[in-house]
1. Take residue 178 and tell me if it is surrounded by 15 or more Cβ atoms within 10 Å (Cβ to Cβ), more than 18 Å from residue 129 (Cβ to Cβ) and at pLDDT 80 or above.
Amino acid sequence: MSANKNNMSSRSGSRGPRYRNSRRHRQNKESIKALKQEDIDYLVQNTKYDESEIREWYKGFRADCPDGTLGKTKILDMYSLILPSGNAQVFVDQIFRIFDNDGNGTIDFKEFMMATDMTASGSPEEKLAWAFKMYDKDNSGSIELTEMIEIIGTLYEMEGVPREKAGDRAKIIFGALDVNGDGELTCEEFVRGCMEDPELVRLLNSGGLEEDNDEGEDEY
């Protein structure tokens, strides 16, 4: 996607990449029609994009990926621009760990859009809700402590903070919220608990932990 990285890396997420004048766009007109309505409906429900934006993104995706899949090297190059202060490799590894079920080193358009939605989401609440969805693979609506540690660890590494510092923070948040002791949290509980943690919110807002601390607490 080298020629279109700047368009795709926009954090505003208001429009997809503008390929209207692309020769490859015209050449792939037939393949563009292959986008399934069920995939569009899924993305409308699970991302902040509407149908017209999704179709626009798809045009660009198929222009650069005629076979309908995106390789790990290419997506790493793109996210290195989107996450310059963090660890793009961690984010891409996470995308492929979750989505590349057959281990062939590629993801499809729907999976790509789910990942893109994360980078375009500006608020901490959106980032946390997206991360929750990434780990709630069975769509049960709940996660366990081990999964929460993974979520917080991934968010830390994406923002350039060592993963090792996430475990204790996740345990504190989880313990405070799991009042019935069933060992599970819903998405609402997870987001609310994380948003009540000032250091985690500061990380998600600023893209890194601040060195100064008004209360004199240790950094994590």
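The values are calculated or read from the model by the stated rules, or taken from the named source; none is laboratory data. Note that this is a predicted model, so its numbers are computed, not measured. Glycine gets a Cβ as well: all are built from the backbone with ideal geometry, and neighbour counts include every protein chain shown.
1. On the way: surrounded by 15 or more Cβ atoms within 10 Å (Cβ to Cβ): yes; more than 18 Å from residue 129 (Cβ to Cβ): yes; at pLDDT 80 or above: yes.
Answer is yes for this residue.
Results for (1) among the polar types (S, T, N, Q); (2) loosely packed, with under 12 Cβ neighbours inside 10 Å; (3) part of a helix (DSSP H, G or I); (4) at pLDDT below 90, shown as yes or no for each residue.
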{"residue": "5", "(1), (2), (3), (4)": "no, no, yes, yes"}
{"residue": "10", "(1), (2), (3), (4)": "yes, no, no, yes"}
{"residue": "20", "(1), (2), (3), (4)": "no, yes, no, yes"}
{"residue": "42", "(1), (2), (3), (4)": "no, no, yes, no"}
{"residue": "74", "(1), (2), (3), (4)": "no, no, yes, yes"}
{"residue": "77", "(1), (2), (3), (4)": "no, no, yes, yes"}
{"residue": "98", "(1), (2), (3), (4)": "no, no, yes, yes"}
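Okay, residues lined up against (1) within 24 Å of residue 48 (Cα to Cα); (2) surrounded by 21 or more Cβ atoms within 10 Å (Cβ to Cβ):
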{"position": "116", "(1), (2)": "yes, yes"}
{"position": "129", "(1), (2)": "yes, no"}
{"position": "153", "(1), (2)": "no, yes"}
{"position": "166", "(1), (2)": "no, yes"}
{"position": "194", "(1), (2)": "yes, yes"}
{"position": "197", "(1), (2)": "no, no"}
